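Reviewing the structure listed below.
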Amino acid sequence: MAEAAHHFPKSFLWGTAASGYQTEGDSENADFWAWEQRPGAVLGGQRSGRACEWWAGRWREDFDRAAADGHNALRLSVEWSRVEPSPARWDEAALDHYRQMVVGLRARALTPMVTLHHFASPRWLAERQAWETGEVVALFERYARKVASALGEHVSLWCTINEPNAFMVYGWVMGLWPPQKKDLRLAQRVAANLVRAHAAAYHAIHALQPLALVGLPISVRPTLPAHPGFAPDEWAARAQFAYFSALFSDALAAGRLRRILAPALSLPEFKGTQDYVGIQYYTTDVVRFDLSNPMELFGRRSPPRGAELDEAGFYASYPSGFFLALKWAQRYGLPIYVTENGIGDAADDLRRRFLVTHLRELWKAVNFNWDVRGYFHWTLADNFEWERGWSHRFGLYALDTDTQIRTPRPSARLYSEIARSSSLSSAMVVEHVPSLSAQLFPG
């Protein structure tokens, strides 16, 4: 077979993504820390504990690994509960710790992307129910200004709130995460406050850094009707996508927040408060109309037929869904960053197939001249996956939580070759996933 390659732009960012709570360890002032102690909250009663020991300094060796593997970017988050452990009391040592981290990234030629809120909130904020009351807006603006002042010299790519749609649904609709409520009306109030908090942070950052790029990373789950052409399935699929995946990006584009059983909320002052679209794609859902499932807008979800499921049965590897997510993102007319994409697979068999097939779809989008500027794989080393604990392994590097030893999986070398060359070649596929060579590079 003749050698061929799919090339990406020279300026393309190749990195991994991580969050503070999932990697730092001992985040005792966060609401998730208290939640972990509740019986049944985390699978098998597992705890985040020391996590990946980034707060203890192991970020240095992981940044070294990323640089040695040819990555040129890394996405991390600042833990609000460390920076402001109690109201209006700033921990300057914690801010300096994060400053050292972003300087460390720059020193290794890794472009930092920094997230201000990645699911975990300060315990004091949660106790005040600030996401529900709206008090959070001014508090988040103040926090964003503080962090941007401390790190802005070294950071020009910002994420305000990670996956506000997932944060809202898991916390206030499904009741899986803090504060573990199941109230659609309250969830809609939280959604409005999330938009307001994002916009406030957006303006705070731009007041300090006019040229910064600020975005709101969204969990995008394309929805396919179980029976195309069957009106109830079509309606349920559209409704689930509109009220989950598209809800926040549409609000920022139009200045109107869609609501269930109520007129859309007009928020014209927040229109245009994103400089790029951040998409986080893991899976696609097939939706069947089901009157018995009102909390999911009368749609019952299942994985696409024939798609490989990950080790937890949580996500389905469905590459064409990734292209649908990118196609949806490009309609906003803004730059696109893939701020998360990955699969849970301790055996590292599915992950290699996932990588090459999904990056092929990414290349197609780039080839259509869509303004896709970077890809952040989730994640560098196994970390604490919320209610799934340590059972769901997403790392390019396997982590032994007892010894903190990182062991590269074969996918680490595959991703390294892709990042170094900014391409996906037939030679890489033949070496790492030979069963897919004829499919991806026919002839």
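Since every read-out is calculated from the coordinates, none of them should be taken as a lab result. Please read these numbers as outputs of a predicted model, since none were measured by experiment. Note that each Cβ is placed from the backbone with ideal geometry, even for glycine, and that neighbours are counted across all protein chains shown.
Just check region 5-440 against the gyration tensor rule for me: Cα atoms, a ≥ b ≥ c as the square roots of the eigenvalues, rounded for a/c under 1.5, and otherwise prolate or oblate depending on whether a/b exceeds b/c. It would help to have the intermediate numbers written out before the result.
Working: a/c = 1.32, a/b = 1.04, b/c = 1.26.
Rounded is the answer for region 5-440, as its axis ratio a/c remains below 1.5.
What distance in nm separates the two pseudo spin-label positions at Leu291 and Gln129, each 7 Å out from Cα along the beta-carbon direction?
Label-label distance for Leu291 and Gln129, simple model: 3.4 nm.
What lysines does Lys364 reach when the alpha-carbon gap must be under 17 Å and sequence neighbours fewer than 8 apart in one chain are set aside?
Within the straight-line cut-off, Lys364 pairs with Lys10, Lys327.
Can you give the calculated 222 nm mean residue ellipticity of the chain, where each DSSP H run of n ≥ 4 adds -39,500 (n - 2.57) and the sum is split over every residue, rounded to the nearest 500 deg cm²/dmol?
Only helices count here, giving -11000 deg cm²/dmol.
Roughly what % antiparallel, to the nearest 5, for the DSSP beta bridges in the chain? Can you show the working numbers first?
Numbers: 16 of 51 bridges.
In the chain, approximately 30 percent of DSSP beta bridges are antiparallel ones.
Going from the alpha-carbon gyration tensor of region 357-443, what semi-axes, largest first and in whole Å, does one get by taking the root of 5 times each eigenvalue?
Working: eigenvalues 158, 54, 27 Å².
Those come to 28, 16, 12 Å.
Packing-wise, with mean Cβ within 10 Å as the measure, how do 208-214, 136-142 rank, highest first? Please report the intermediate quantities before stating the final value.
On the way: 208-214: 14.9, 136-142: 20.1.
Averaged packing, sorted descending, gives the order 136-142, 208-214.
Hey, fewest Cβ within 10 Å first, where do Tyr170, Tyr397 land in order?
On the way: Tyr170 18, Tyr397 21.
Ascending Cβ contact count within 10 Å gives the list Tyr170, Tyr397.
Take Arg238 and Ala68, extend 7 Å from each Cα along the Cα→Cβ direction, and tell me the distance between the two endpoints in nm.
Here the modelled spin labels are 5.3 nm apart.
Using the per-residue mean of other Cβ atoms lying within 10 Å as a proxy for protection, in what order, highest first, do the peptides 89-101, 187-199, 51-63 fall? Kindly include the intermediate steps, with their values, before the conclusion.
Values: 89-101: 15.5, 187-199: 22.8, 51-63: 19.2.
For the peptides 89-101, 187-199, 51-63, the packing ranking is 187-199, 51-63, 89-101.
What helices in the chain pass both tests, a Cα length along the helix axis of 24 Å or more and a mean Kyte hydropathy of -1.0 or higher, using whole DSSP H runs?
184-208, 350-367
Note down the nm distance, to one decimal, between modelled labels 7 Å out along Cα→Cβ at Trp90 and at Arg108.
Taking the two extended label points, one gets 2.7 nm.
Would any residue of region 135-170 have its amide N under 16 Å from a label point 7 Å out along Cα→Cβ of Ala262? List them or say none.
Once the point is set 7 Å along Cα→Cβ of Ala262, 135, 168-169 turn out to lie under 16 Å by backbone N, inside region 135-170.
Quick one: order Asp285, Asp275 by neighbouring beta-carbon count within 10 Å, fewest to most.
Values: Asp285 25, Asp275 18.
The fewest-first ordering by Cβ neighbours comes to Asp275, Asp285.
Cα centroids of region 390-443 and region 46-79: how far apart, whole angstrom?
Computed from Cα coordinates, the inter-centre distance equals 19 Å.
For the chain, what relative contact order do you get, as a whole percent, if you take Cα pairs closer than 8 Å and at least 6 residues apart?
RCO, the chain: 19 percent.
For the chain, with a Gaussian network of springs between Cα atoms less than 10 Å apart, report the residue from Asp382, Asp290, Asp348 with the top mean-square fluctuation.
Maximum among the listed residues: Asp290.
Read phi for every residue in region 84-90 and hand back ³J(HN,Hα) as whole Hz from Karplus 6.51 cos²θ - 1.76 cosθ + 1.60, θ = phi - 60°, with x for Gly and Pro.
With coefficients 6.51, -1.76 and 1.60, one gets 10, x, 9, x, 6, 10, 8 Hz.
Suppose R0 equals 35 Å. What FRET efficiency, 1/(1 + (r/R0)^6) with r the Cβ-Cβ distance, do Gln100 and Ala438 give to the nearest 0.05?
Numbers: r = 48 Å, r/R0 = 1.37.
With R0 = 35 Å, the Cβ-Cβ based efficiency is 0.15.
Which value, in debye to the nearest 20, gives the size of the charge dipole of region 5-143 about its Cα centre, when Lys and Arg are +1 and Asp and Glu are -1 at the Cβ? Kindly include the intermediate steps, with their values, before the conclusion.
Working: 16 positive and 19 negative charges, 87 e Å.
My answer is approximately 420 debye.
For a quick check: with amide H placed at 1.01 Å from N, whose amide H comes under 5 Å from Met113's, ignoring anything fewer than 5 positions away on the same chain?
Sorted by chain and number, the residues that satisfy this are Leu74, Arg75, Leu76.
What's the ranking of 13-25, 70-82 by average number of surrounding C-beta atoms within 10 Å, highest first?
On the way: 13-25: 25.9, 70-82: 24.4.
Sorting 13-25, 70-82 by mean packing, highest first, produces 13-25, 70-82.
Work from the charge dipole of region 5-440 (Cβ charges, +1 for Lys and Arg, -1 for Asp and Glu, about the Cα centre) and give the residue of Phe322, Ile161, Ala94 farthest towards its positive end.
Projecting each Cα onto the dipole axis, the largest value belongs to Phe322.
Given the options Tyr170, Leu110, Leu216, identify the residue whose Cα lies farthest towards the positive end of the charge dipole of the chain (+1 on Cβ of Lys, Arg; -1 on Cβ of Asp, Glu).
Leu216
Hey, can you grab everything whose amide H is under 5 Å from the amide H of His392? Only 5+ residues off in sequence or another chain; H modelled, so Pro and N-termini drop out.
Amide H neighbours of His392, under 5 Å, 5+ apart: Glu385.
Starting from the Cα-Cα distance between Ala34 and Asp402, subtract it from 0.36 nm times their residue separation and give me the gain in nm to one decimal.
130.3 nm is the gain from fully extending Ala34 to Asp402.
Work out the length of the dipole vector of the chain about its Cα centre, built from +1 on the beta-carbon of each Lys and Arg and -1 on the beta-carbon of each Asp and Glu, and round it to the nearest 20 debye.
Computed charge dipole of the chain: roughly 900 debye.
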